[in-house]
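Comments concern the structure below.
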Amino acid sequence: MSSTLDPRSIEREIARIRERESNPYSSGVKTNLFTLVIFRRPGGEPARDPLDAALQDMLGRRPARIITISRVESADTDVFVSGRCFPDRRNRGVCFEEVRIESGNDGRGEDPGSWAPLLIRDLPVFAWWPDSLAGSDEAWQKPILDAASLIDKLVVDSAKTSSNEANAFGTMRSLITLREKANGAFFISDFAWRRSRVLRELTARAFDQPGTRPLLGAVRSVTLDGGSRSDGVLFSSWLATRLGWHSADPGPSNGTYRDKSSKEVRFIHATPGYPLSEGFRLRFSFEAQEEITIGCTRGGCVSNGAERGAYKFPSDGEILLEEVDSVTRDPIYQEVLDRAGRVRG
């Protein structure tokens, strides 16, 4: 249904659609748990939009109101209201109430005062920017900052930047700038941080043995093959914060650090550009010690020294589900973001 941006008429239409969609589920309808506000960059919706797949993964698992705000070349703002339900294990309708706002040249759709009444009172509000963070900060930060007081957590994907190494660090600096401009009104979370958890988990496991733990102080270089530029930045910054390394000559993909004993440690992102789920390899070299290699082939076959196993990489839908299930701050990510944002790209 298309309508003007009138919250009262939109609420009436939502109620009508919800009643129609939920009728097949005799055991009742689960009430909403949160509001998800999706900000789209102009032209940021490709023909095969991964956002749709992520939302489809969440359908039937979490009931929510979803408000999508897009900028379009039109004189007036249009609103489209729809809904869809799917039964859970107890045959209760788990529904999405969907409001799509196409903001025209009148600017009404981008004004939070116009759509704030549609937020569900006393429930968390998650904002999601699913498109690229490249370009000027103003281009993507303004709609988020205008609505900062309404948002509990902002979810982004720092992997969606240019393939240029420096832009990965620039993205981290932009996220810090956004957080500062918002005066800490909301937490920031990152799809790329969730995806690269495999690197952190396997590294921790490799050095969580009495025979390998002492080697942490003797690391002389770390080489990552595979992963996005953002994966390399987040992983190297995580290592630096956990092991107390200090940047000596920070560079986008070949940074030099100094460990606690002031010895040089090199981080090399050798072959970036493809997802971790397509395969990766981590190599740790030491002083007078054999290398430790951690690898994963396409499909999730993991080798961690003598250890062999399987690893399931999360889909964007599974990551989104994790994000909307919590409004807590991830202190390690915040520390890593601060560290990466101080690097000169």
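Taken over the stretch 321-345, the residue count meeting the criterion of being closer than 24 Å to Phe169 by Cα and in a helix (DSSP H, G or I) is 12. Sub-6 Å Cβ pairs linking a first residue in the stretch 98-121 that is within 18 Å of Val72 (Cβ to Cβ) and outside the structural domain of Ala139 (by TED's automatic domain parsing) to a second residue that is in a loop (DSSP other than H, G, I, E, B) and among the aliphatic types (A, V, I, L, M), at least 6 apart or interchain, number zero.
Applying the criterion of at least 1 residues that are in contact (Cβ under 8 Å) with a residue 12 or more places away in the chain and acidic (Asp, Glu) to the helices (runs of 4 or more DSSP H) found wholly in the stretch 124-201 leaves 137-146, 165-181.
Can you pull out the residues in the stretch 324-341 that are out of contact with any helix residue (DSSP H, G or I) (no Cβ under 8 Å at 6 or more places or on another chain) and of a type in the set (D, E, K, R)? Scanning the stretch 324-341 gives Asp325, Arg329. Ser82 satisfies every condition listed in (1) closer than 20 Å to Gly317 by Cβ; (2) small (Gly, Ala, Ser); (3) surrounded by fewer than 16 Cβ atoms within 10 Å (Cβ to Cβ); (4) at pLDDT below 90 except (4). Taken over the stretch 17-54, the criterion of being part of a helix (DSSP H, G or I), at pLDDT 85 or above and over 23 Å from Gln141 (Cα atoms) is satisfied by Ala53 alone.
Taken together, the residues in the stretch 286-317 that are farther than 19 Å from Gly227 by Cα and basic (Lys, Arg) amount to 1. Of all residues in the stretch 178-187, those being crowded, with 20+ Cβ neighbours inside 10 Å and touching a helix residue (DSSP H, G or I) at 6+ places or on another chain (Cβ under 6 Å) number 1.
Reported count of residues in the stretch 301-323, each being closer than 30 Å to Ala218 by Cβ and either touching a helix residue (DSSP H, G or I) at 6+ places or on another chain (Cβ under 9 Å) or small (Gly, Ala, Ser) (or both), is 8. Keeping to the stretch 254-306, report how many residues are in contact with a Gly (Cβ under 6 Å, 6 or more places away or on another chain) and among the β-branched types (Val, Ile, Thr). The qualifying residues number 2. Quick check on the stretch 132-158: of everything there that is under 19 Å from Leu234 (Cβ atoms) and at pLDDT 90 or above, which residue is farthest from the chain's Cα centre (by Cα)? By that ranking, first place goes to Lys153.
Within the stretch 289-320, being hydrophobic (A, V, I, L, M, F, W, C), in contact (Cβ under 8 Å) with a residue 12 or more places away in the chain and assigned to a loop (DSSP other than H, G, I, E, B) holds for one residue alone: Phe313. In the set (1) touching a Ser or Thr at 6+ places or on another chain (Cβ under 8 Å); (2) surrounded by 15 or more Cβ atoms within 10 Å (Cβ to Cβ), the condition left unmet by Ile319 is number (1).
The values are calculated or read from the model by the stated rules, or taken from the named source; none is laboratory data. All figures in this text were calculated on a predicted structure; none of them were measured in a lab. Virtual Cβ from ideal backbone geometry, glycine too; neighbours counted across all protein chains shown.
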